[in-house]
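For reference, the structure discussed in these notes is given below.
The values are calculated or read from the model by the stated rules, or taken from the named source; none is laboratory data. These numbers were taken from a predicted model, which means no experiment stands behind them. Every residue, glycine among them, receives a Cβ derived from its backbone with ideal geometry; neighbour counts consider all protein chains shown.
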Amino acid sequence: MGMKRIGLRERGVIALLLAMVFVLIHGLSSETRSSVGAVDSGLDLLIKKRITEWATPSKAVIRDEMIYSPVLVESFYKGRSYQPAWSQDSHLTQAEQLLRAVGETYRDGLTPNYYHLGLIKSLVFQAGKGVSMSSTLLVDLDLLLTDAFLTLGCHLSGGCVNPVTLKAEWYAKRGDVDVSAALEQALIKKDIPEALMRFRPEEGSYVRLRQALARYRELLLKGEWPQLSDGSPLKLHSLSPRVAELRKRLIASGDLGPDEVKGVDFFDEKLKQSVISFQKSHGLKADGVVGTATLNALNVPLPQRTRQIEVNLERLRWILANKEQRSIVVNIANFELYVVENDQSMLPMRVVVGKPFWNTPVFTAKMTHLIINPTWNVPDSIARKEILKKVKKDHDYLAKQNMKVLRGWGPGEETMDPDTIDWSQISANRLSYRFRQEPGPLNPLGKLKFVLPNKFDVYLHDTPAKRLFLENVRTLSHGCIRVEKPLELAAYLLQGDPRWTRENILAAMQKGTEQKVLIPRPLNVHFLYLTAWVDEGGTLQFRNDIYERDKLLDEALSEKPSLN
């Protein structure tokens, strides 16, 4: 018995030594070996050959389907010496978990089949007919599964559509998220679904809207909600069959309790409060009267509202990709600005945004400084289309507006006497002058300008036209953002600098002299276009698509990737 025990111990030592030699020869860590199991003979060479043959992203194709992240795929396999990631002893491992996780992305408003789901299932079914898989089939599946994980990881963490161009970008190029390392660890730990889930934004705004999508899909299973027929406005004390239609519609969406059916034709106080609540959650005038705007909002089809939630989940993925301690968010569609600090929103204020034909773009830029009592260098487009016409009509216009006529920029800038210029001979397409309005009560920038250098030349600023903030729809600017509370925003940005207390800022504004002030802690400003979100109180909010961008984003998300 003793000799037998010694023999077993010796054989164990020998096996351990052989394993150590094998690891040294192949240069693989014990963790990596556990993730791939025994190396399938020749698969590494086939994988390397296939990737090498791609040459360019446009040639990265498997069975007539694009590989969307060829650069990431190549880097991933190169890091593991081209060993297969999803098979062991000619059998798939963890593929089922990935397929299940890909299918779950439907809950994020994404299309699972765009991540090779259909092709992978077809190949797995095909392989299921035999005892083991061919090398070619194993390699195809390995590459498809890897591409699905890497691309989906990028899309969950930062979106799949370019927010500026609204074009789908299926080639995953993110550099700030190491999806390859995440996949390697997920294979080792056998937690593929959990790894993909970690790419999804964890912020409450995303979680809440994702939950709202699930609720609206449940509503879809019950069928379309009732539509209201046209007619005169409905209000308190109205008596009409259309009031019954209104009740059914509000009950269907959960805006009115299911037991509120008594006196269905009569518009009572409780129904009025329900209408007001609906109006508030849709950015409408909250007067409890079902006029044209409220009727139109009520009659938006349920599938359209559901899709609206889906496209806005994509927009949240854009902004939530990079975690920040503090930032400024401008929701263009809601005409609102607020500060986000440690995941809490604060300092909300109304804003005026660009006109539909001069709309405010979606982008992110860092705010670096502000200008007290700014001059206004009139944009060339405004000078040609608006100012020149007014100068020709009234020769005293420039003097009345405290404007200067300039030629050139920088050291070569020259101030011109407007009375020496024959404006009647100058056409819009031959305007060689530019205009600058000096600080003062007529300056459209007001007393504060918040600067964030960007290619769109968009900035935030004060305005003398305070009445515009009372409008419900505030698409009234040339693209820049007019803010309701400029002094409060300036005080927040300059807090911590004893030279710039609220009182000192106000005193500088009253002097009327232009002054540049650096922001101690520059921060990003995110220009968003959210038409659906769930607020911190748990209320699902919808807004009108003022620039018709929902349609463009819907088309981009719906565009199936192809080889063309």
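Here is a check on your reading of the model: is Q83 assigned to a loop (DSSP other than H, G, I, E, B), at pLDDT 50 or above and crowded, with 17+ Cβ neighbours inside 10 Å? Reasoning before the result, please.
Working: assigned to a loop (DSSP other than H, G, I, E, B): yes; at pLDDT 50 or above: yes; crowded, with 17+ Cβ neighbours inside 10 Å: yes.
Yes: the conditions hold for Q83.
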Legend entry - Any chance T501 is surrounded by fewer than 20 Cβ atoms within 10 Å (Cβ to Cβ) and either of a type in the set (A, V, I, L, M, F, W, C) or touching a residue at least 40 places away in the same chain (Cβ under 8 Å) (or both): no
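Condition check: among the charged types (D, E, K, R), surrounded by 21 or more Cβ atoms within 10 Å (Cβ to Cβ) and closer than 19 Å to V164 by Cα. Does D545 satisfy that?
Values: among the charged types (D, E, K, R): yes; surrounded by 21 or more Cβ atoms within 10 Å (Cβ to Cβ): no; closer than 19 Å to V164 by Cα: yes.
So D545 fails the test.
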Legend entry - Selection status of R549, modelled with pLDDT under 95 and touching a Leu at 6+ places or on another chain (Cβ under 8 Å): yes
Inset, instruction - Identify the single condition in (1) in a loop (DSSP other than H, G, I, E, B); (2) free of Cβ contacts under 8 Å to residues at least 40 places away in the same chain; (3) among the small types (G, A, S) that G440 does not satisfy, given that it satisfies every other one. - result: (2)
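The rows are residues; the columns are (1) surrounded by fewer than 17 Cβ atoms within 10 Å (Cβ to Cβ); (2) more than 22 Å from R467 (Cα to Cα); (3) touching a strand residue (DSSP E or B) at 6+ places or on another chain (Cβ under 7 Å).
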position: S327; (1), (2), (3): no, yes, yes
position: E341; (1), (2), (3): yes, yes, yes
position: P348; (1), (2), (3): yes, no, yes
position: W358; (1), (2), (3): yes, no, no
position: P361; (1), (2), (3): yes, yes, yes
position: A383; (1), (2), (3): no, yes, yes
Inset, instruction - Could you look through the stretch 429-464, keep only residues that are small (G, A, S) and modelled with pLDDT under 95, and pick out the one that is farthest from L370 (Cα to Cα)? - result: S432
Legend entry - Residue selected from the stretch 19-56 under the condition modelled with pLDDT under 70 and surrounded by 15 or more Cβ atoms within 10 Å (Cβ to Cβ), by the criterion nearest to D191 (Cα to Cα): S35
Legend entry - Matching residues in the stretch 461-498 - criterion: being basic (K, R) and free of Cβ contacts under 8 Å to residues at least 40 places away in the same chain: K466, R467
Legend entry - So A399, is it hydrophobic (A, V, I, L, M, F, W, C) and at pLDDT below 95: yes
Inset, instruction - Would you tally the residues in the stretch 282-304 being crowded, with 19+ Cβ neighbours inside 10 Å and within 22 Å of A212 (Cβ to Cβ)? - result: 6
Inset, instruction - Please enumerate the residues belonging to the stretch 134-154 that are polar (S, T, N, Q) and either buried (at least 24 other Cβ atoms within 10 Å of the Cβ) or under 21 Å from the mean Cα position of the chain (by Cα) (or both). - result: T146, T151
